[in-house]
Amino acid sequence: MPELEKTEKITINLGLVDLGQIDLLVQESFYSNRTDFIRTAMRTQLVSHAEVVKRTVARKTLVLGVQHYTRRDLEALRAAGETVQINVLGLASIAEDVSPELALATIDAIKVLGAFRASAAVKAALAGRIR
């Protein structure tokens, strides 16, 4: 499996006063930059809600972390007459050499809380199965 990106870029909108306060904390060397502040704040919130996340992952039977499907994985499913439902909290990815036809034949549904990476053609083919 190729090395997968470990981060995903997001864009957020902040109020000007909040942004100014962040900039002040950066200027006063509490944080190295805005991103450092935002990551720290997010991690603090995730730690405070860790038990809820843990219970929900178990209840919804989500794979926690990275789940990658190769062409070989999906061909084996097809040969066995089986399909898969992908449920991931983190990153779900489908190899670039997976055809839209193979994906449609083997993937019943996809639910990803985080990031889903696949070729544009596979994403388009599976659009109706992504929840």
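The values are calculated or read from the model by the stated rules, or taken from the named source; none is laboratory data. Computed from a prediction, not measured in an experiment: that's the story for all the values here. Here the Cβ is made from the backbone with ideal geometry for all residues, glycine too, and neighbour counts use every protein chain on show. Heads up: the accessible areas ignore ligands, DNA and RNA and are worked out on the full protein's heavy atoms, side chains in. Shrake-Rupley method; radii C 1.70, N 1.55, O 1.52, S 1.80 Å.
List of remarks:
- Neighbourhood net charge (9 Å Cβ-Cβ; Lys/Arg +1, Asp/Glu -1) for Ala109: +2
- With a Förster radius of 35 Å applied to the C-beta separation of Ser32 and Val63, the computed FRET efficiency comes to 0.60.
- Region 29-62-region 75-126 distance, computed between alpha-carbon centres (Å): 27 Å
- For the chain, carbon and sulfur atoms together expose 55% of the accessible surface, with a 1.4 angstrom probe and every protein chain in place.
- Taking 20 Å as the cut-off, the amide N atoms of region 90-108 that come nearer than this to a point 7 Å along the Cα-to-beta-carbon line of Ser119 belong to 92-108.
- Debye log10 I(q)/I(0) at q = 0.11, 0.15 Å⁻¹ for region 34-117, Cα point scatterers: -0.41, -0.65
- Distances between placed amide hydrogens fall under 5 Å for Val63 paired with Asn87, Val88, Leu89, all partners being 5 or more residues away or on another chain.
- Computed on the chain, with alpha-carbon pairs under 8 angstrom and 6+ residues apart, the relative contact order is 18 percent.
- Taking Asp36, Asp73, Asp97 as the candidate residues, the one with maximal mean-square fluctuation in a Gaussian network model of the chain, Cα springs under 10 Å, is Asp36.
- Stretchable slack from Val47 to Glu82, in nm (0.36 nm times residue separation minus alpha-carbon distance): 8.8 nm
- Helices in the chain, meaning DSSP H runs of at least 4 residues, each add -39500 (n - 2.57). Divided by all residues, the mean residue ellipticity at 222 nm is -13000 deg cm²/dmol.
- Shown here for region 1-75: trypsin sites (Lys or Arg not before Pro) in loop regions (DSSP other than H, G, I, E, B) with at most 13 other Cβ atoms within 10 Å, namely Lys6, Lys9, Lys60.
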